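Data block below; observations after.
The values are calculated or read from the model by the stated rules, or taken from the named source; none is laboratory data. A quick note: this is a predicted structure, and the numbers were derived from the prediction, not measured. Neighbour counts are summed over all protein chains in view; Cβ atoms, including those assigned to glycine, are modelled from backbone coordinates with ideal geometry.
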Amino acid sequence: MLLDNVLFFLLGLVLGSFINVIIERIPKGISIVSPRSFCFLCKYKIPFYRNIPLLSYLIQRGKCSNCNENISYQYIVIEFLIGILWLYSSFVFNNFYEMISFSIISSFLIAITVIDYKHFIIPIEISTFIFLFLSLEYFFDKSILSSLQGAFVGSIYLLLILLITWLITKRQGLGYGDIQLIFVLGYWLGIYKILFVIFFSALTAIIFWLILNYLKEYDKNRALPFGSFLCINSIIFYQIEINYLFRF
Ligand SMILES: [Zn+2]
């Protein structure tokens, strides 16, 4: 059992390394497969033996081996976070298939969280990837009906909020990326959880917005990365058993 956990941690580090590539490249429109990993400062192509997750960063003390500039600590934080997430998943889920599925989906949701937070975009490539990945699961054992309900009810609910916000404030509060993301998250979580996720995302986003406006100067037009809140709340709510609340 212990060996399995270590293996999951290592797999998480490897995927975390790839998630870093996605976070850096997708917003800039650079392909995620070629060119090979390179230093964003001096464009030095990183050989594979210097591209070992976590270890290379520690050995080189966070500096590029070519230009000696500091590499952003964001890389190591994300690699480590995703490693821990996989490790955690290997402890909490009994079903091996669910372990893998939760780990992969959560890792890509972390990519969306960071990208939306930094650039205010939700790349459709990642939402689509998650959608296709989930669709594969129906070849195994899940019920597709509950997922489709989640996807549609979640999206329609969000569209209604958008419409009401627009009628009252004449402003568009959310983008299409948010709706695509809600669709995919509803597909993952099902009809009840997605409604909880939307509610708690709005709540935590408002609290975050108030804190930010309190700490920095007040700006009522300050943008909020709503997608980041949706992703984090989804990762949490996936694990919470709420169905017993709905035994009609
Ligand atoms: Zn460099």
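Filter region 180-223 for residues that are farther than 19 Å from residue 160 by Cα and part of a loop (DSSP other than H, G, I, E, B) and give the result. Quick ask: steps written out before the conclusion?
Filtering region 180-223 down to residues farther than 19 Å from residue 160 by Cα leaves 188-189, 204, 207-223.
Answer for region 180-223, where residues must be farther than 19 Å from residue 160 by Cα and part of a loop (DSSP other than H, G, I, E, B): 216, 217, 218, 219, 220, 221, 222, 223.
Pick from region 75-86 the residues that are surrounded by 18 or more Cβ atoms within 10 Å (Cβ to Cβ) and among the β-branched types (Val, Ile, Thr): which of them is farthest from the ligand (Cβ to nearest atom)?
Result: 82.
Among (1) within 14 Å of the ligand (Cβ to nearest atom); (2) touching a Gly at 6+ places or on another chain (Cβ under 6 Å), where does residue 12 come up short?
Answer for residue 12: the failing condition is (1).
Being surrounded by 15 or more Cβ atoms within 10 Å (Cβ to Cβ) and not in a loop (DSSP other than H, G, I, E, B) is the filter here; which residues of region 55-74 pass it?
Correct list: 56, 57.
Mind listing just one residue for me: the one in region 21-73 that is among the β-branched types (Val, Ile, Thr) and within 10 Å of the ligand (Cβ to nearest atom) and, of those, nearest to residue 117 (Cα to Cα)? Before you say what the answer is, go through the steps one by one.
Of the residues in region 21-73, the ones among the β-branched types (Val, Ile, Thr) are 21-23, 26, 30, 32-33, 46, 52, 59, 71.
Within this subset, residues satisfying the condition of being within 10 Å of the ligand (Cβ to nearest atom) are 46, 71.
Numbers: 46: 27, 71: 20 Å.
Filtering region 21-73 for residues that are among the β-branched types (Val, Ile, Thr) and within 10 Å of the ligand (Cβ to nearest atom), the one nearest to residue 117 (Cα to Cα) comes out as 71.
State all residues of region 1-53 that are assigned to a helix (DSSP H, G or I), at pLDDT below 85 and surrounded by 15 or more Cβ atoms within 10 Å (Cβ to Cβ); if no residue qualifies, say none.
The one that is assigned to a helix (DSSP H, G or I), at pLDDT below 85 and surrounded by 15 or more Cβ atoms within 10 Å (Cβ to Cβ): 50.
Does residue 121 satisfy the criteria of being touching a residue at least 60 places away in the same chain (Cβ under 8 Å) and more than 16 Å from the ligand (Cβ to nearest atom)? So that I can check it myself, show each step before the final result.
On the way: touching a residue at least 60 places away in the same chain (Cβ under 8 Å): yes; more than 16 Å from the ligand (Cβ to nearest atom): yes.
Judged against the criteria, residue 121 is a match.
Please work out if residue 122 is part of a loop (DSSP other than H, G, I, E, B) and at pLDDT 85 or above. Lay out the reasoning, then the answer.
Working: part of a loop (DSSP other than H, G, I, E, B): yes; at pLDDT 85 or above: yes.
Yes: the conditions hold for residue 122.
Please tell me if residue 98 is within 16 Å of the ligand (Cβ to nearest atom) and either among the hydroxyl-bearing types (Ser, Thr, Tyr) or at pLDDT 85 or above (or both).
Working: within 16 Å of the ligand (Cβ to nearest atom): no; either among the hydroxyl-bearing types (Ser, Thr, Tyr) or at pLDDT 85 or above (or both): yes.
Considered against the rule, which asks whether it is within 16 Å of the ligand (Cβ to nearest atom) and either among the hydroxyl-bearing types (Ser, Thr, Tyr) or at pLDDT 85 or above (or both), residue 98 comes out as no.
How about region 129-171: which of its residues are of a type in the set (Val, Ile, Thr) and within 21 Å of residue 199 (Cβ to Cβ)? Working first, answer last.
Of all residues in region 129-171, those of a type in the set (Val, Ile, Thr) come to 130, 144, 153, 156, 161, 164-165, 168-169.
153, 156, 161, 164, 165, 168, 169 - these are the residues of region 129-171 that are of a type in the set (Val, Ile, Thr) and within 21 Å of residue 199 (Cβ to Cβ).
Do you know which of the residues in region 110-136 that are surrounded by fewer than 16 Cβ atoms within 10 Å (Cβ to Cβ) and among the β-branched types (Val, Ile, Thr) is farthest from residue 150 (Cα to Cα)?
If we take residues in region 110-136 being surrounded by fewer than 16 Cβ atoms within 10 Å (Cβ to Cβ) and among the β-branched types (Val, Ile, Thr), then 121 is farthest from residue 150 (Cα to Cα).
Tally the residues that are of a type in the set (D, E, K, R) and surrounded by fewer than 16 Cβ atoms within 10 Å (Cβ to Cβ), restricting the search to region 157-186.
At the first step, the residues of region 157-186 found to be of a type in the set (D, E, K, R) are 170-171, 178.
Retained after the next criterion (residues that are surrounded by fewer than 16 Cβ atoms within 10 Å (Cβ to Cβ)): 170-171.
Number of matching residues: 2.
Out of all the residues in region 157-165, is one or more over 23 Å from residue 126 (Cβ atoms) and either in contact with a Phe, Trp or Tyr (Cβ under 8 Å, 6 or more places away or on another chain) or at pLDDT 90 or above (or both)?
no
Mind listing whichever residues of region 142-193 are farther than 17 Å from residue 109 by Cβ and among the hydroxyl-bearing types (Ser, Thr, Tyr)?
Listed by number, the residues that qualify are 143, 146, 155, 157, 165, 169, 176, 192.
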